[in-house]
Structure formats: C-alpha cells, structure tokens
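Below: one structure, written as structure tokens.
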Amino acid sequence: MEQVLLYFNEYKEAIFIIILSIFLGIEVISNVPSVLHTPLMSGANAISGVIIIGGIILLGHADLSGFSLELALGILAVLFGTLNVAGGFVVTDRMLDMFKKKKSN
Amino acid sequence: MPENTMQYGEIILDFSYLVAAILFVIGLKLLSKPESAKRGNLYAAAGMVLAMITTLILHKDAEGNNIALTNVIVIVAVITVGTVIGAVVARRIKMTAMPQLVSFYNATGGAASALVALMEYSNPDNTSILVTLLGLVIGSIAFSGSMIAYGKLDGWVKDWLSPLMKYINLFMLALVTVIVVYLMVAVNPMVSKEVLIYILFIMALVYGVFFVMPIGGADMPVIISLLNSFTGIAAAMAGFIYSNQAMILGGIFVGAAGTILTILMCRAMNRSLLNVIVGAFGGGGAVKGDKEIGIIKEISLSDASVLLNYTQKVVIVPGYGLAAAQAQHICSELDKLLTDRGVEVKYAIHPVAGRMPGHMNVLLAEADVPYEKLVEMDDINPDMPNTDVVVVIGANDVVNPAALDDASSPIYGMPIINAHESKNIIVMKRGMGKGYAAIENYLFYNDKTRMLFGNAKDSLQKLVAEIKNL
C-alpha cells in the first residue's frame with residue numbers, strides 16, 4: 001500500500017495528465033461523422049509522430065565521434081519519426097483537399 | 001546572467017510544449033468537422049513543428065548541455081530527408097493506396113517509439129524502467145503489426161488463419177509479459193539485461209506479426225484504428241522517459257482517440273474488440289444444408305441499363321470490390337449520367353465498408369462525388385422501401401440479411417444496409433465467391449435480386465456505355 005502511494009506521489013502529475021487526456025481524447029472524437037473517420041485517423045496518426053521529439057533528444061545528445069549501433073538506431077528513430085509526421089500530415093491534407101473541392105462546387 | 005538564460009531557455013521550452021499540446025487538441029477537434037478539418041490539420045502540424053524546433057534549440061541534457069551544433073546539423077539533415085520522402089510519397093501515391101500508406105506511416109511511428117525506448121533502456125539516468133519496457137513492447141507491436149496490415153492491404157501478405165493461432169498468440173503474449181516482469185524484478189538476471197532487452201524487442205515484433213496475421217480483410221478498419229492508438233500510447237510511454245508533457249499529452253490523446261474510433265468500428269459490426277482480435281469470423285463457414293436458399297438470377301447489361309435509366313431513386317452500396325477494381329471514377333460517371341437523366345442517386349455508406357475507417361468516403365470524394373450524396377447507414381435505411389433500385393458494387397457482408405434474421409450466422413446482429421427492402425437489387429460481383437466472413441449471402445438469392453457478374457470497373461464501363469445509347 002505504501003509503495004502504491006509513493007508511486008502515485010512520484011508520478012502524480014503524469015497520472016493527472018493521462019487521466020485528463022483520455023477524457024479529452026474521448027470528448028473530442030465522439031460524434032465524428034463517418035465522412036471524416038479516415039482523415040481523423042490519419043491526422044491522429046501524424047500527431048503520434050510526436051515521438052520525433054524523443055528521437056531529437058536522443059540523437060541530440062548522442063556521441064558523434066565514432067560510428068556505433070546507438071548512433072545508427074538514433075538516426076533511424078529520427079528518420080522514422082519524421083516519416084510519420086511529414087507523411088501523416090501531408091496525406092491528411094491531401095484527403096481533405098478532396099472534400100474541400102466538392103464543397104465549393 | 002548565464003544561469004538566468006539557462007532557466008529562461010527551459011521555461012520557454014516547456015511553454016512551447018504547452019502551446020504544441022494545445023494546438024494538437026484544437027487541431028484534432030477541428031479535424032472532426034468537415035468545414036474546419038483542413039485548418040485543424042494545419043494547427044496540429046504547426047504544433048509539431050514548433051515542438052521540434054524548440055527542442056532542437058533549447059533542450060538540455062542532465063548536465064545542462066545544449067544539443068551540440070554538429071548534432072543539430074545531423075538531425076536537421078535526417079529530418080530533411082525524412083520530410084522529403086514522406087511528403088513526396090504522400091503526394092504521389094494513388095488514392096486507392098491510401099489505406100496502405102496510412103498503415104505504413106503508423107508503422108514508422110511505432111518503430112521510432114520502439115527504437116527510442118530500446119536505447120533509453122541502457123541509459124543509467126533513466127529511472128522509469130516500466131514505461132520504457134511498455135513503450136518498447138507497444139511500439140514494436142505497432143510497427144510489425146502495421147507493416148503486416150500494410151502488406152495485406154497492398155496484397156502481398158495473405159491472411160493466415162489456423163486454429164492454433166489463438167494459442168500461439170496467447171503464448172507469445174504471456175512470454176512477452178514474463179520477460180517484462182523479469183526485467184523489472186530480477187536483480188541478478190541469468191542472462192544480461194542488455195541481451196534480454198533485445199530478445200524482448202524481437203519477441204514483441206514477432207507478436208505484432210502474429211497478432212495481425214489472422215485478421216480478415218473485413219476487420220481491417222478495426223485493426224488499423226487499434227494499431228493507430230498503440231502508436232499513440234507508445235509515444236506517450238517514451239514521453240514519460242523524458243518527462244516531456246507534449247509527448248505524453250499528444251500520445252495519450254491519440255491513444256484515447258484511436259481507442260474510441262476502434263470501439264465505434266466494433267459497435268458498427270456488433271462485435272466486441274476481443275472477438276475481432278481472436279477472430280470468430282470464418283469459423284462457421286459452411287452453409288447450413290437444411291435451408292432452401294433459392295436460385296441465382298443474372299441480369300443482362302441492356303436490362304440493367306433500362307432498369308436504371310427509367311427509374312426515380314437509385315442507391316449505390318459501395319464495398320471493397322469498388323476500391324479493389326479502382327472503379328470509383330466510372331461509378332461517379334454513372335452517377336452523373338443518371339442524375340442528368342433525372343434519377344436521384346445516393347450512396348449508402350456502411351461504417352465498416354472498405355479496409356479502413358471511412359474508406360468509401362475518401363474513395364468517392366476522390367472521384368468528385370459530393371459528400372452530401374454519401375448517406376450513413378442509419379439515415380438511409382428508413383428510405384430503403386421507397387428506393388427503386390439498389391446497386392451493390394463489390395459489397396457483400398454489409399448487405400447480408402442473415403445478419404438480421406439468421407441467429408446461427410456468424411454475422412448475426414451486425415447492423416446492415418437494408419438493400420433487400422428496396423424494389424430491385426442489382427449486385428455487381430466478380431463471381432460467386434463469398435465475402436470475408438465466408439458465409440452465404442441470402443441477398444443474392446432474393447427474388448428481387450439480379451446479378452451482374454464481372455469486374456466492377458468493366459461492368460460499370462459497359463453499363464455507362466449502354467445507358468448513353470438509350
């Protein structure tokens with residue numbers, strides 16, 4: 001019990017963020033028309049590319065003096081993260097373009 | 001003075017994360033309305049760019065060192081390469097390949113999370129071992145699972161269903177859990193933790209493959225949406241390692257949104273998520289012999305064109321066959337032709353038609369079909385008895401009346417588009433193959449139903465030519 005309380009105390013801010021974000025996520029997504037399911041999923045997918053920040057931090061403080069497995073994986077992490085972000089947002093934009101075009105007609 | 005600037009830098013960085021998080025939330029909120037969706041996407045992208053730039057400039061490691069210039073150059077170079085590849089592919093790819101692409105980008109996000117967690121595990125400053133392991137496992141599953149989904153949608157990976165699958169999957173999952181727990185509690189592990197972590201990484205990757213392998217095509221929208229939420233959760237776990245609020249909030253937010261979308265999809269099929277994952281479809285494939293199902297009647301192109309031309313109300317029910325045959329443009333042409341002749345044409349969109357959530361909407365939007373014409377299942381069903389002709393193009397299970405009245409059917413209880421209630425039904429189909437649920441479709445044997453066999457694109461082209469001649 002004590003451990004649980006200590007754990008909560010240590011991570012309370014994070015736990016608050018998690019709980020509130022879950023509610024926020026549910027609230028924002030509810031009642032979405034099915035027309036927008038694909039762009040919405042694709043847009044959310046791009047946001048999950050926020051892992052790129054982790055990649056930048058990792059590679060940012062990596063030792064560049066010699067080649068290492070860590071360095072290679074770090075570069076790969078940033079590359080993958082960027083693909084997720086750039087590809088995700090551009091694809092979403094392209095999908096939405098098609099909906100937009102029809103509206104003005 | 002130097003101490004002050006250091007502090008300011010950190011405060012500005014945190015503040016920029018707050019702004020980014022707000023932009024994510026507003027962006028996704030705007031994305032859920034047609035009028036503002038495009039703006040929403042831009043907001044979210046702006047939040048991401050902001051967080052990336054401030055991290056690059058202002059982030060400091062535990063010793064208070066900024067990111068060195070050489071590292072910045074390397075990172076910017078890698079990001080530039082990634083952006084160019086990502087954006088060019090996203091611009092160039094055919095609209096019909098959209099589900100694959102979304103899956104692929106989801107895979108890259110999962111891979112990035114897994115790699116970050118893998119490397120942070122051996123960092124002695126990292127105290128959050130549990131979230132690191134969870135990030136590694138979830139990110140790896142999201143990566144390999146999405147790659148398999150990508151392969152299936154692209155057609156080079158086939159469904160692989162075996163009765164043993166269920167047990168293999170449970171075993172794999174148990175094994176992954178055991179390794180995670182062992183890494184958490186073992187003080188002096190028999191195998192070094194560095195080796196174990198790579199074993200865990202590989203096990204999670206393999207589990208991701210096995211997890212998606214047996215999922216049938218009809219369940220793809222659910223699984224893609226679920227994998228999407230996995231990637232979000234994995235990113236959030238990595239956010240904990242760095243106590244980075246933008247990552248935590250963005251990740252959890254996407255995880256929750258993806259989970260809700262997944263549940264919506266499941267509800268549209270009247271099945272539980274567990275049922276989709278374990279895969280109940282395809283099990284009871286055999287048709288029951290005791291039921292008289294009637295005979296199949298074909299329709300000629302000229303009869304079909306006359307039927308469609310001299311009628312009032314037509315509803316088109318598109319399914320994956322339309323996407324597979326890339327027939328959306330010719331379908332839209334048929335629609336325009338009939339509309340010009342005074343026929344009212346609408347589309348009935350089942351929530352799980354196609355291979356990803358909202359697949360049919362995107363496909364038809366590409367072919368210039370105004371989205372006001374796309375009517376959701378619940379809104380079009382009351383209108384079905386007044387509909388003169390329903391044209392089913394490459395859809396199967398979503399119009400199978402067995403879902404309504406045959407309690408023994410695997411799809412019993414799934415809401416369907418009530419095509420059988422309309423006055424006439426034309427079914428365009430390649431052959432008498434069964435849908436993904438591998439069950440007999442009673443609609444095809446209905447007295448009012450006529451079949452038009454052939455590739456959807458060819459059939460539609462011939463039909464359009466026939467109608468033009470009338």
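The values are calculated or read from the model by the stated rules, or taken from the named source; none is laboratory data. Keep in mind it's a predicted model, so treat the numbers as computed, not measured. Ideal geometry is used to build each Cβ from the backbone, glycine not excepted, and the neighbour counts take in all protein chains shown. Just so you know, the surface numbers come from the protein's heavy atoms only, side chains and all, with ligands and any DNA or RNA stripped out. Shrake-Rupley method; radii C 1.70, N 1.55, O 1.52, S 1.80 Å.
Using a 1.4 angstrom probe on the protein heavy atoms only, line up B:LEU273, B:LEU249 by accessible area, largest first. Could the numbers behind the result be given before it?
Numbers: B:LEU273 60, B:LEU249 35 Å².
Reading off the accessible areas and sorting them downward yields B:LEU273, B:LEU249.
Distance in nm between label sites at B:ILE11 and B:LYS193, each 7 Å beyond Cα in the beta-carbon direction?
Each label point is offset 7 Å from its Cα along the Cβ direction, giving 3.7 nm.
What shape does the range B:142-230 take by its C-alpha gyration tensor, where a ≥ b ≥ c are the square roots of the eigenvalues and a/c under 1.5 counts as rounded, a/b above b/c as prolate, and the rest as oblate?
Cα axes put the range B:142-230 in the prolate bin.
So, counting K/R as plus one and D/E as minus one, what does the shell of residues with Cβ under 14 Å around B:LEU308 add up to? Numbers along the way, then the final one.
Numbers: positive: B:LYS313, B:LYS336, B:ARG341, B:LYS346, B:LYS423, B:ARG450, B:LYS462, B:LYS468; negative: B:ASP303, B:GLU333, B:ASP335, B:ASP340, B:GLU344, B:ASP388, B:GLU466.
Charge balance in the 14 Å sphere: +1.
For peptide A:64-76, what's the mean number of Cβ atoms from other chains within 10 Å of each residue's Cβ?
Per residue, the average neighbour count from other chains is 3.
So for the pair A:ILE15, B:ALA465, with labels modelled 7 Å out along Cα→Cβ, what separation do we get in nm?
7.0
Would you please name the chymotrypsin sites (Phe, Trp or Tyr not before Pro) within the range B:90-162 that are DSSP coil residues with at most 15 other C-beta atoms within 10 Å of their C-beta?
Answer by residue number: B:TRP156, B:TRP160.
Please return the longest stretch of chain B lacking exposed loop sites, where GluC sites (Glu not before Pro) count only if DSSP places them in a loop and at most 14 other Cβ atoms lie within 10 Å.
Between exposed loop sites, the widest span is B:64-291.
How many nm is it between the label spots at A:PHE23 and B:VAL306, if each spot is 7 Å from the Cα in line with the beta carbon?
Rounded to a tenth, the inter-label distance reads 6.5 nm.
Considering only B:MET119, B:PHE104, B:TYR167, whose Cα is most displaced toward the positive end of the charge dipole of the range B:95-280, charges sitting on Cβ of Lys, Arg (+1) and Asp, Glu (-1)?
Farthest towards the positive end: B:TYR167.
How far, in degrees from 0 to 90, does helix B:37-58 lean away from the longest principal axis of the Cα atoms of chain B, to the nearest 10?
The helix B:37-58 is inclined about 20 degrees to chain B.
Could you work out the mean count of beta carbons from other protein chains within 10 Å of each residue's beta carbon in B:368-381?
Taking the mean over all residues of the peptide, I get 2.
How would chain B be classified by its alpha-carbon gyration tensor: rounded, prolate or oblate, with rounded meaning a/c under 1.5 and the a/b versus b/c comparison settling the rest?
prolate
How would you classify the range A:7-90 from its alpha-carbon gyration tensor, with a ≥ b ≥ c the square roots of the eigenvalues: rounded for a/c under 1.5, else prolate if a/b is greater than b/c, otherwise oblate?
oblate
How big is the A/B interface in buried accessible area, both sides summed, 1.4 Å probe, to the nearest 100 Å²?
Rounded to the nearest hundred, the buried surface is 8000 Å².
Which of B:MET414, B:ALA395, B:ILE380 sits closest to the plus end of the dipole of the range B:355-470, meaning its Cα is farthest towards the positive end, when Lys and Arg get +1 and Asp and Glu get -1 on the C-beta?
Of the candidates, B:ALA395 comes out farthest on the positive side.
Hey, can you rank A:37-46, B:80-89, B:93-102 by average C-beta count inside 10 Å, highest first?
Working: A:37-46: 30.2, B:80-89: 17.1, B:93-102: 20.2.
The densest-packed peptide leads the list: A:37-46, B:93-102, B:80-89.
From other protein chains only, count the Cβ atoms within 10 Å of every residue's Cβ in B:54-60, then give the mean.
Mean shielding count: 3.
To the nearest 20 debye, what is the magnitude of the charge dipole of the protein assembly as shown about its Cα centre, counting +1 on the Cβ of each Lys and Arg and -1 on the Cβ of each Asp and Glu?
The dipole of the protein assembly as shown has a size of about 1400 debye.
State the answer as a single residue: which of B:ILE12, A:LEU6, B:THR339 lies farthest towards the positive end of the charge dipole of the protein assembly as shown, with beta carbon charges of +1 for Lys and Arg and -1 for Asp and Glu, about the Cα centre.
Positive-most Cα among the choices belongs to B:THR339.
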